[in-house]
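Engineer: My structure is below; once you've seen it, I'll send some questions.
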Amino acid sequence: MKYKYIITEIVDKIAILKINRPEVLNAVNTETILEIESAMKEFNEDKDVRVIIITGEGKSFVSGSDISRLAQMDSLMAREYSQIGQRVLDFIENMEKPVIAAVNGYALGSGCEIAMACDIRIASEKAKFGQPEVKLGLIPGHAGTQRLARLVGIGKAKELIFTGDLIDAQEAYRIGLVNKVVPAETLIEEAINLAKKIIENAGPNAVSISKTVLNRGIDANLKTANSYETEAFSILFSTEEAKEGMKAFLEKRKPNW
């Protein structure tokens, strides 16, 4: 499918989604978010895709929501926009396949929220993060208040959201918002290398199920979360993937996923 605001490609089982509105630093509107949803659903259903990378065109990941659009919204329109964004990011967070955010520049507002919905975040040393909505008299609307607190702790999340401050990539790494900081020129290479490592080292069912167990268990009590793990662990023993993985280990060869 051809898109207006995003660019997609699939290479060696890795899908890359690039948000492509550089004239507004990749600020998103409803149409952009719906295009992201459509592409991510296609990737999730494509058996040839194992890992997805989300990044931005030019010097920005996503600079936020398109304020020229926000300024035209009434309460009902804003409610719908928030609900659409939350639905799409919930899909990204809970889809079967791992998603890597390659944050190449500004990840502000909706951009920070998109990055946080991904499973792993790799940041360029030039990246900037923040939820500056209070400076517009607003709050995050695409689950930023919730995911930020879960990633960095409620105290730090309150500081960042109450002040609207931006932080650089190293500070984002220090507080646990990103997994790794790399030179700008190697960002996509690093993301692709990580995707290849997942593809080569891990059974696809094992990755998918571990993602589900992690996401379901994080908000449950430990006993309930452990029961999720036990059920998932035992189910995998019925798969050909697990049999091949263990057989390959015993035969000292790479598994044929």
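The values are calculated or read from the model by the stated rules, or taken from the named source; none is laboratory data. Please read all numbers here as calculations on a predicted model, not as lab measurements. Neighbour counts run over all protein chains shown; Cβ positions are idealised from the backbone, glycine included. Surface accessibility is based on the protein's heavy atoms, side chains included, excluding ligands, DNA and RNA. Shrake-Rupley method; radii C 1.70, N 1.55, O 1.52, S 1.80 Å.
Engineer: Can you tell me which of E231, E189 is open to solvent by 100 Å² or more (accessible area, probe 1.4 Å), within 22 Å of M95 (Cα to Cα) and not small (G, A, S)? Quick ask: steps written out before the conclusion?
Structural biologist: Numbers: E189 fails: within 22 Å of M95 (Cα to Cα).
Going through E231, E189 in turn, the sole match is E231.
Engineer: Same structure again: Only one residue in T30, T55 is among the β-branched types (V, I, T), open to solvent by less than 30 Å² (accessible area, probe 1.4 Å) and either touching a residue at least 40 places away in the same chain (Cβ under 8 Å) or over 27 Å from I175 (Cβ atoms) (or both), so which one is that? Give the derivation first.
Structural biologist: Details: T30 fails: open to solvent by less than 30 Å² (accessible area, probe 1.4 Å).
Going through T30, T55 in turn, just one is among the β-branched types (V, I, T), open to solvent by less than 30 Å² (accessible area, probe 1.4 Å) and either touching a residue at least 40 places away in the same chain (Cβ under 8 Å) or over 27 Å from I175 (Cβ atoms) (or both): T55.
Engineer: Kindly list, by first and then second residue, each pair from a residue in region 64-93 that is within 21 Å of A107 (Cα to Cα) and in a helix (DSSP H, G or I) to a residue that is modelled with pLDDT of 95 or more and among the acidic types (D, E), limited to pairs with Cβ atoms under 6 Å and residues at least 6 apart or on different chains.
Structural biologist: That search, which allows pairs on different chains as well, returns V88/E37.
Engineer: More than 17 Å from P98 (Cα to Cα), open to solvent by less than 40 Å² (accessible area, probe 1.4 Å) and more than 16 Å from the chain's Cα centre (by Cα): is that true of G176 in this structure? Reasoning before the result, please.
Structural biologist: Numbers: more than 17 Å from P98 (Cα to Cα): yes; open to solvent by less than 40 Å² (accessible area, probe 1.4 Å): yes; more than 16 Å from the chain's Cα centre (by Cα): no.
Here the answer is no, as G176 does not meet what is asked.
Engineer: Look at E133 and say whether it is over 16 Å from E93 (Cα atoms), without any contact (Cβ under 8 Å) to a residue 12 or more places away in the chain and not in a loop (DSSP other than H, G, I, E, B).
Structural biologist: Details: over 16 Å from E93 (Cα atoms): yes; without any contact (Cβ under 8 Å) to a residue 12 or more places away in the chain: no; not in a loop (DSSP other than H, G, I, E, B): yes.
No.
Engineer: On to the next question. Quick one: K97 ticks every box in (1) open to solvent by 30 Å² or more (accessible area, probe 1.4 Å); (2) outside any helix (DSSP H, G or I); (3) charged (D, E, K, R) except a single one, so which number is it?
Structural biologist: Only one criterion in (1) open to solvent by 30 Å² or more (accessible area, probe 1.4 Å); (2) outside any helix (DSSP H, G or I); (3) charged (D, E, K, R) is unmet by K97, namely (1).
Engineer: Considering every residue within region 72-82, establish whether at least one is over 30 Å from R174 (Cβ atoms), crowded, with 20+ Cβ neighbours inside 10 Å and at pLDDT 95 or above.
Structural biologist: Within region 72-82, one or more residues are over 30 Å from R174 (Cβ atoms), crowded, with 20+ Cβ neighbours inside 10 Å and at pLDDT 95 or above.
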